[in-house]
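To start, the structure itself, in structure tokens.
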Amino acid sequence: MHPGVKEIGEGIREMRIRGAGRIARAAAEALKIYAEDFSGSRDEFIQGVEKVKEYLLDTRPTAVSLRNAVYYVVNRMKGESVDELRESVIRNAEEFITLSKEAVKKIGKFGAQRIRDGSTILTHCNSSAALEVIIQAHRSGKEIKVFNTETRPWLQGHITSRRLAEEGIDVTMIVDSAVRYFMRDIDVVVVGADTIASNGAVINKIGTSQIALVAHEARVPFMVAAETYKFSPETVIGKLVEIEERPAEEIADPKEFPGVKFRNPVFDATPPEYIDAIITEVGIISPYIAYQIIKEVMQFGVES
Ligand code: RI2
């Protein structure tokens, strides 16, 4: 495998590059790097792209953003000569990366309008889309406070807390199991998504569905910030979203617990009845119109 592609691929697998949007952009970048450095025949290029595609798709299974990015770049590949093909891969990758970054900004703008002045927001894990909503609300002059979970076992909440503090936002980190204790102080929950199924279920960092249940119980609105390339076309034909299980070592050292089994699923599914709104770059929608987004709006790739 091309060393630049491998560096990105392994970075995604080992979570040095993480976050559903970031891994999507990184995958597009990997295809671009491959195309830029390629020399050889047209057939070799097409075969090589196919290999890079399969390699990237195999890095992490859950976030459909990664698959949609890869298909966006590969399915639009066209040209007679090898140079035309190479240029089209480079162009498609750059286009995806630009569209993706613009989408996050638009989500921030739409979402920030839904945050009331004086609100206390709860977020989970580290989502660039959710953070963009919070940061734009703050930058627009709203007085907000944020509670964020530390997010076991990978502790992505640390990144969130630091980022919000850097921005001058009043932020409090709590352990994941303290969510119900603090829910009485929360006005709105904003989280990201790795995948959204056609029935409106949101697959996001493990623990998200518990937070949604607790918010529902306390009648606290629950919002999801997600670009349209987080919607999964394959779920329309009944494909189930694969939930990634990562090594036990991320939880504890199994050698110190003889006879103990560990399970480490890193995502869960929140059903649409617990979701008030999904903030996308094309507007704020009900989870119940997820199918329409996939059918009519999605400009991102679908497996051909
Ligand atoms: P953005 C992350 O997955 C989290 O589950 C986060 O909520 C989601 O991706 C979306 O992140 P992981 O890579 O695309 O940390 O909004 O497992 O940045």
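The values are calculated or read from the model by the stated rules, or taken from the named source; none is laboratory data. Just so it is clear, the structure is predicted and the values come from calculations on it, not from any experiment. Positions of Cβ are backbone-derived with ideal geometry, glycine not excepted, and every protein chain shown enters the neighbour counts. Accessible surface areas use protein heavy atoms only, side chains included; no ligands, DNA or RNA. Shrake-Rupley method; radii C 1.70, N 1.55, O 1.52, S 1.80 Å.
What to note about this one:
- Ordering Ile174, Ile115, Ile237 by Cα displacement along the dipole of the chain toward the positive end leaves Ile115 in first place; charges were set at the Cβ atoms of Lys, Arg (+1) and Asp, Glu (-1).
- With contacts taken as Cα pairs under 8 Å and at least 6 residues apart, the stretch 106-296 reaches a relative contact order of 23 percent.
- In this structure Glu7 has an accessible area near 130 Å², from a 1.4 Å probe over the protein heavy atoms.
- Accessible-area value, Ile289, 1.4 Å probe, nucleic acids and ligands omitted, Å²: 70 Å²
- The portion of the accessible surface of the chain made up by carbon and sulfur, rounded to a whole percent, is 50 (1.4 Å probe; DNA, RNA and ligands excluded).
- Cα centre as origin, Lys/Arg/Asp/Glu Cβ charges: the stretch 186-304 dipole, Debye: 180 debye
- Of the residues Gln292, Pro153, Asn199, the one whose Cα sits farthest toward the positive end of the charge dipole of the stretch 106-296, with +1 on the Cβ of Lys and Arg and -1 on the Cβ of Asp and Glu, is Gln292.
- Over 21 Å (Cα to Cα) - which of Lys106/Lys230; Lys51/Lys295; Lys6/Lys32 fall in this group: Lys51/Lys295
- The stretch 106-296 shape via C-alpha gyration tensor axes, a/c threshold 1.5: oblate
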